[in-house]
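Step one of this worksheet: look at the structure below.
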Amino acid sequence: MTLDDCRRLDAEDPLAPLRGQFILPEGVIYLDGNSLGVLPRAAPARIAEVVAQEWGEGLIRSWNSARWIDLPQRLGDKVARLIGAAPGEVVCTDGTSVNLYKVLFAALSQMKPSGRRVVVSERSNFPTDLYIAESLCRERGFTLKLIDESELPAVLDEHVAVLMLTHVNYRTGAMHDMKALTAAAHAAGALTVWDLAHSAGAVPVALNDCGADFAIGCGYKYLNGGPGAPAFVWVHERHASRFEQPLSGWFGHAAPFEFTPHYRPAPGVTRYLCGTQPVLALSALECGLDTVLASEPFNGDQGGMAALRAKSLALTDAFIALVEERCPGRFTLVTPREHARRGSQVCLALADNGPGAYAIVQALIARGVIGDFRAGDSQMPDILRFGFTPLYLGFEDVWNAVEHLVQVLEREEWKRPEFNQKLAVT
């Protein structure tokens, strides 16, 4: 693949106009949308409008006149279009960790009468998921069992109450077969909880088709909702009228403005709401969701997530091929090569497993190629992690990113002291 090839692919890309939806700093190749998405061009004006007009002039009337009151449901319906859910099955609220606490509590409550007392998750799952599960298991009398991916689905037995997995692994970009693992869990008599933080807006998800039970996800990665954006939560309709929510706040009440002294849960997923909703943050998230949904009219029936997925795979294929061609022997590919098992990121490890991964990432960032680093452990090497968001990345970006990587290595820029000083956020 040559630079001219990349430019030709960009010229032929039907999704290329979507890049105009974003404010991208000059001279930056942003390969960290899997941690924080780019600022939507519409967001600053929308937030200013909410502040100056809806809050400043409308004041409390805007809960009705500007429809602040149903923002969680309206945005939830937009998320539903990206994750294979139906209208009314998703709400946007709180953070990913809080929502995970809610859904795992609900799943454990449903399973407690069965006598099953084991929650299964991957050892390499995102740490906050494991911390939440560890805390809840301790409180509710369950045991958290951590396994390697290779042990699935054989580990699912008559003792397992819940299988809790992240669909796309944050560290490696490896993607689970949601449908097969959900079916295996159900066959064993267990429920499933899926974390879609690295899936929603990045890969096609079909929650209802897969028969999943509960799911949560992040608003600030591929959904471009801004730092700390509200997350989302989904529950299958078969559980919607009977699940128990531990944070029974007034927005999750069936009639919040009746102000009754006793809690009566709202029907369906609305009971997953808790306190007063963050209107400014939800308004910014809506701008981000609209950037993803703008892909739907492209390529007719092949638009939307199908079109984004096709471009994502093409971008990651190109990056892998160029790194292997132009940096021979320097890196090991950690992300699965098979399309069916790959998310929208590429993770590399140094071939010699030596130090330097962090410094290489910092040297790239200094050149304007923003990726990130994830520290390894006894079972996993240090990772150079690159996220590919097809809404605003092109093939020439891929070429240029690899060219910068080549120069960092050839010039040994990564050895400079300033690139070896660990920052608070890596």
Exercise for the section: Using only the C-alpha atoms of segment 1-146, find the volume of their convex hull and express it per residue in Å³. Expected result: 216 Å³
Practice task
May I ask you to list the residues of segment 118-153 whose amide nitrogen lies under 17 Å from a point 7 Å from Cα along the Cα→beta-carbon direction of residue 247?
Solution key: 128-137
Completion exercise
Among 78/179; 102/422; 102/145; 145/311, the pairs whose Cα-Cα distance exceeds 31 Å are 102/422; 145/311
Practice task
Find the eigenvalues of the gyration tensor of the Cα atoms of segment 270-426, then list the square roots of 5 times those eigenvalues as equivalent ellipsoid semi-axes, largest first, in whole angstrom.
Solution key: 32, 22, 15
Handout entry: Solvent exposure of the chain as accessible area per residue, Å², 1.4 Å probe
Key = 41 Å²
Problem - Euclidean distance of C-alpha centroids, segment 112-149 and segment 1-56, integer Å - result: 38 Å
Fill in the blank from the handout: If the chain between residue 159 and residue 70 were fully extended at 0.36 nm per residue, the gain over the current Cα-Cα distance would be 28.0 nm
Practice task
With label points built 7 Å along Cα→Cβ from the Cα atoms of residue 375 and residue 410, find their separation and express it in nm.
Solution key: 3.4 nm
Fill in the blank from the handout: Charge dipole of the chain built from unit charges on the beta carbon (Lys, Arg +1; Asp, Glu -1), centred at mean Cα; most positive-end Cα among 168, 28, 420 is 168
Practice task
Only Lys, Arg, Asp and Glu count, each charged at its Cβ (+1, +1, -1, -1), so figure out the dipole size of segment 272-420 about its Cα centre, rounded to 20 debye.
Solution key: 220 debye
Problem - Cα gyration tensor category, rounded, prolate or oblate, for segment 354-426 with a/c compared to 1.5 - result: oblate
Practice task
Using all C-alpha to C-alpha distances in segment 148-274, build P(r) with 5 Å bins and read off the rounded percent in each one.
Solution key: 2, 10, 17, 18, 18, 15, 11, 6, 2, 1, 0
Handout entry: Percent accessible area from carbon and sulfur atoms, segment 81-223, protein chains only, probe 1.4 Å
Key = 54 percent
Exercise for the section: Provide, in order from the shortest bin, the percent of all Cα-Cα pairs of segment 207-336 in each 5 Å bin, continuing until the bin that contains the maximum pair distance. Expected result: 2, 9, 11, 12, 15, 16, 11, 9, 6, 4, 3, 1, 1, 0
Handout entry: Percent accessible area from carbon and sulfur atoms, segment 1-71, protein chains only, probe 1.4 Å
Key = 60 percent
Handout entry: Cα convex hull of segment 61-196 - mean projected area over all directions, nm²
Key = 9.5 nm²
Handout entry: Counting DSSP beta bridges with both ends in the chain, the antiparallel % (nearest 5)
Key = 55 percent
Fill in the blank from the handout: Over segment 2-83, the quotient of the Cα radius of gyration and 2.2 N^0.38 Å is 1.56
Practice task
Could you work out, for the chain, what percent of all Cα-Cα pairs fall into each 20 Å distance bin, beginning at 0 Å and stopping at the bin that holds the largest distance?
Solution key: 26, 55, 19, 0
Exercise for the section: Give the calculated FRET efficiency between residue 128 and residue 259 to the nearest 0.05, with a Förster radius of 35 Å applied to their Cβ-Cβ distance. Expected result: 0.55
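The values are calculated or read from the model by the stated rules, or taken from the named source; none is laboratory data. All values derive from a computational prediction rather than experimental measurement. A quick note on method: Cβ atoms are made from the backbone with ideal geometry, for glycine too, and the neighbour counts reach across all protein chains shown. Accessible surface is based on the protein model in full, side chains and every heavy atom, while ligands, DNA and RNA are left aside. Shrake-Rupley method; radii C 1.70, N 1.55, O 1.52, S 1.80 Å.
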